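Visitor: What follows is a structure written as structure tokens; I'll ask about it next.
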Amino acid sequence: VHGSGIVEEGAYVTISAAPHNGFVFDGWFLDGNRVSSHSQFVVDNLHSNRTYTAIFRPVSCRINIAVNNPNAGTATESRDIKYGDSITIEAVAKDGYQFDHWAENGTIIGTEKKLTLEQVRKSRTITAVFSQNQYSLFLNSSPENIGILTGQGTYDRGSNIRITAVPTQDYHFTGWTENGMIVSTNWDFTINNMTRDMHLTAVFEREKAVLYTITASASPGGIISPAGETRIPEGSGI
């Protein structure tokens, strides 16, 4: 901009503005009001100090489109549009995911898959946010390969899932755990409103052996072996 300076009261001065590459002149403003749209403007009959502001605007605006998870979905490609134009952007979720909302600077600006940006006057960065609508449930046992587990699979968001853990012989069930924390002590357990992937472990313990005492003795005239008391586990023989 050119034309700043000191002039005599009642005189006039010509002010001028020239945009850089990629910008156009939008007007001269005084106290927030446009007073001229010409790059050269004559200020006459001056009787007070004045401050004029030259407003420039970009020729085009960059619309940057991002997604929060590339595996979850796609969105309209980033592009440049003319200053003041409108643009409609669209998000498409992949299998197993759903579109949640559009976000800009951490603020939700729309929840529909298609969003129209009206009269764009600045570059913007907008993110399409997706979330899973299906989750996986993984089941394993500790010790490994002990017992029969049912319920593992992939389920829709919000599902209620029944899981069971039946111990094999010589073991009993003690609880379901996740990351070392007890989730339930019921072998027949229902997960309500599933909203994430889960890895559950069915914990089994070996049954303590029941011992029995066999007492053997012989009358005079014979012997017995083994004599006395012998302790043997349940189900075994001697």
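Visitor: Give the residue, chosen from 201, 164, 154, 150, that is modelled with pLDDT of 95 or more, closer than 30 Å to residue 96 by Cα and open to solvent by 60 Å² or more (accessible area, probe 1.4 Å).
Guide: Values: 201 fails: open to solvent by 60 Å² or more (accessible area, probe 1.4 Å); 164 fails: open to solvent by 60 Å² or more (accessible area, probe 1.4 Å); 154 fails: modelled with pLDDT of 95 or more.
Going through 201, 164, 154, 150 in turn, just one is modelled with pLDDT of 95 or more, closer than 30 Å to residue 96 by Cα and open to solvent by 60 Å² or more (accessible area, probe 1.4 Å): 150.
Visitor: Out of everything in region 200-220 that is among the aliphatic types (A, V, I, L, M) and part of a loop (DSSP other than H, G, I, E, B), what residue ends up being nearest to residue 182 (Cα to Cα)? Even if it seems obvious, please write down each step before you answer.
Guide: Looking only at region 200-220, we keep the residues that are among the aliphatic types (A, V, I, L, M), and these are 200, 202-203, 209-211, 214, 216, 218.
Those left that are additionally part of a loop (DSSP other than H, G, I, E, B): 209-210, 218.
Numbers: 209: 26, 210: 28, 218: 55 Å.
It comes out as 209.
Visitor: Right, residue 143: more than 24 Å from the chain's Cα centre (by Cα) and touching a residue at least 60 places away in the same chain (Cβ under 8 Å) or not? Can you show your working first?
Guide: Working: more than 24 Å from the chain's Cα centre (by Cα): yes; touching a residue at least 60 places away in the same chain (Cβ under 8 Å): yes.
Here the answer is yes, as residue 143 does meet what is asked.
Visitor: Cβ-Cβ under 6 Å, sequence separation 6+ or interchain: first residue in region 70-89 and modelled with pLDDT of 95 or more, partner assigned to a loop (DSSP other than H, G, I, E, B). Which pairs?
Guide: 73/94; 86/118; 89/76
Visitor: Please name all residue pairs, on different chains or six or more residues apart, with Cβ atoms under 9 Å, provided the first residue is in region 11-40 and is over 18 Å from residue 51 (Cβ atoms) and the second residue is β-branched (Val, Ile, Thr) and open to solvent by 100 Å² or more (accessible area, probe 1.4 Å).
Guide: Filtered contacts from region 11-40: 18/1.
Visitor: So in region 18-51, with the set limited to residues that are among the β-branched types (Val, Ile, Thr) and closer than 17 Å to residue 5 by Cβ, which one is most open to solvent (accessible area, probe 1.4 Å)?
Guide: Step by step, filter region 18-51, then rank; the result is 51.
Visitor: Scan 232, 223 and give me the residue that is part of a loop (DSSP other than H, G, I, E, B) and farther than 21 Å from residue 146 by Cβ. Steps first, answer last, please.
Guide: Numbers: 232 fails: part of a loop (DSSP other than H, G, I, E, B).
Answer to the selection: 223.
The values are calculated or read from the model by the stated rules, or taken from the named source; none is laboratory data. Keep in mind the model is a prediction, meaning the values are calculated, not measured. Here Cβ is always computed from backbone atoms with ideal geometry, including for glycine, and neighbour counts include all displayed protein chains. All accessible areas refer to the heavy atoms of the entire protein, side chains included, with ligands and DNA or RNA removed. Shrake-Rupley method; radii C 1.70, N 1.55, O 1.52, S 1.80 Å.
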